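Read-outs: derived from the displayed coordinates by stated rules, not from any lab. This is a predicted model, so every value here is computed, not measured. Neighbour counts run over all protein chains shown; Cβ positions are idealised from the backbone, glycine included.
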Amino acid sequence: MATALGRPTTAFTTFFTLLSIRHATEGKLQTSAFALAIASYLSLHPTLLLPPIGLLGYDQLCKSRKPVNDTDGPKSPMRYASTQTDRPKVLDFGTRFFGCFLLTAALLLALSRVLLPSFAFLPSVYLTLLRVPDLTPNPGLWWYFFIEMFDPFRSFFLGVFWLHMLSYSVPFCLRMRKQPLAAVVSMLGITAIFQPYANVGEAGAWLSCLTLLSHTFEVSSTHRYTFPAVAVLLYTSLLGPAFHHLWLYAGSGNANFFYATTLVWNLALLIILTDTVYSVLRDEWEAERPEGKGKDVRQI
């Protein structure tokens, strides 16, 4: 509801991101890369979803089956059998998926150039996200840090912040290779929390996507701190606008009031993300060791 009232372009980015995830779950390579390229064209951070969504699409292709009897009519039921030889090669799949993504992005940029007099829109759109020149207060973590940052150190910490976001994508794919959808949802959480211009719409979309991992909710002893985190989210949702008004309009507060609220907001999101990752790993552990279901996890 808050996203609808603000009327941001985040809704379009979220739509194409979810569309890409849907087509990846169906094993549709081209349409998944096409939708992800549009999302990345609108906002740069969906590019970080390229490895996990590619892994998800590859996993679905590996699970696909082919008809055994090709002589069956179009209306007759066909028998299916999975074969190891039908698996696509990782290099071929990655090349086609990444190539389709790059081609779509290039076509979109070329179309923008046709509609606009020059390529001057590139630094205005994409370098703004990389350099973060606009430090308007938002629910994110970047703006206050760079307000207090000395200019000689700005480029260094910009690189550190972006590398921090980038560092999660491949490790999630490696650790959750058996559950690639969990890697995608986890990476959505990382981008919703740590992107430079964070917003409520991205966080709400990620929280909605947690229902895709509903099978992990039944795992015992998981989501240990989810209820307190949700309570904190509701608390900060009411307190944040109040502190924002006191600081910028009433003049009876300062930036520390509002930034403290954003810290608590993002801490609650991080707790939910941590509980989600824990539940996914616990579900995988119990599937491999049924005798350990309901028991405390220990290093073995």
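Assorted remarks:
- Global form of the chain, assessed from the alpha-carbon gyration tensor, a/c cut-off 1.5: oblate
- Only lysine pairs 8 or more places apart or on separate chains count here, and in the chain those with Cα atoms under 18 Å apart total 8.
- Helix-only mean residue ellipticity at 222 nm for the chain, each DSSP H run of n ≥ 4 adding -39500 (n - 2.57), per residue, nearest 500: -20000 deg cm²/dmol
- Taking every C-alpha pair closer than 8 Å and separated by at least 6 residues, the mean separation divided by the residue count of the chain gives a relative contact order of 17 percent.
- Span-rule helices in the chain, defined as complete DSSP H runs reaching 27 Å or more along the axis (Cα) with Kyte mean at least -0.5: 90-115, 226-245, 255-288
- Relative contact order for the range 133-288, counting Cα pairs under 8 Å that sit 6 or more residues apart, in percent: 28
- By the Cα gyration tensor, the range 186-286 has an equivalent ellipsoid whose semi-axes, rounded to whole angstrom, run 31, 13, 10 from largest to smallest.
- Loop chymotrypsin sites (Phe, Trp or Tyr not before Pro), the range 130-161 (other Cβ atoms within 10 Å of the site Cβ: 14 or fewer; DSSP): PHE150
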